[in-house]
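So the structure is just underneath, and the comments pick up after that.
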Amino acid sequence: DFVIGRQAPLMVADDHVTQCQLCDKKFTMFFRRHHCRACGKVVCNYCCNNTVPLEYKDYRDGIACDVCYQILLSGLTDRINNKDTPHFPILVENPNMESTLLGKFRKRRTVPSKHNKNKKRRSFLNEEVKESGSIKGQVEISYKGDYRVWKKKCCIVRSNERVMYIYDAVEDNKPAKEIPLVGWTVDKKIITKEDDGTIYDYIVEITHFNQSSPTKPSSPSHNASQIVSIRPPVDKVEEWYDSIVFATQVLDLRDNLYDKSSDI
């Protein structure tokens, strides 16, 4: 089994995340990615503000996220107090290293007090979809009806919440966009090539009229609309279509209050 600090971790690929895996803050050109050398997660500069001794590096210093820092510090404390722990077995044979190891637990800089963490979220990869009618997967998405520009996204349609969650990457904890699907119109479309009219793709398109968007502010003079085009894998088009159609329907709460077999 993997033990933090004992084995070198498998590093999460940079392109699998677009936000810090601890605080959900989005990475930019100036707000950079860093890898925790203990667990391999991609975190921001504020969330890896620690150095710890790592067993797989012969107890040399390594950058660690806040979670691993606490785990290893607790492990060292348990080892010093002769409690059962998989961490720092070197102290069994060489107890004189206690002060040296403690000195390697350091904070590298001051973290702004407004920096908040959200550790309760799960990444898209770890989200479970158990509800009937829900679906999860990687798709391509285009906005405003422009079929020339498609971006790879990770989506979850939850039938019980009637919401589609759109993530930018598989390891992201926080959805980049949430779309309440009730009231949207769903359609299956066939995209054809403009030059010869041959079919080259099947998509699911959702449209919402009378709803404003950043590029089309609502006003009394026109009906604003939003268009989201979804291009799933070819063998999943029907499944995505059925799931989205189901999620656009209004949930009748009376079905939960009365049994259909009741005489009421």
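Checking the cross-link pairs Lys26/Lys151; Lys57/Lys152; Lys25/Lys188 against a 26 Å limit on the alpha carbon distance flags Lys57/Lys152; Lys25/Lys188 as lying beyond it. What is the diffusion coefficient of segment 1-144 in µm²/s, taking the Kirkwood radius over Cα pairs and the Stokes-Einstein relation at 20 °C with a viscosity of 1.002 mPa s? The Stokes-Einstein estimate is 125 µm²/s.
Rolling a 1.4 Å probe over the protein heavy atoms leaves Glu98 with an accessible area of roughly 70 Å².
Accessible surface of Met29, taken over heavy atoms with a 1.4 Å probe and every protein chain present, rounds to 140 Å².
The values are calculated or read from the model by the stated rules, or taken from the named source; none is laboratory data. Keep in mind that what you see is a predicted model, and the values were worked out from it rather than measured. In case anyone asks, the SASA skips ligands and DNA or RNA and just uses the protein heavy atoms, side chains included. Shrake-Rupley method; radii C 1.70, N 1.55, O 1.52, S 1.80 Å.
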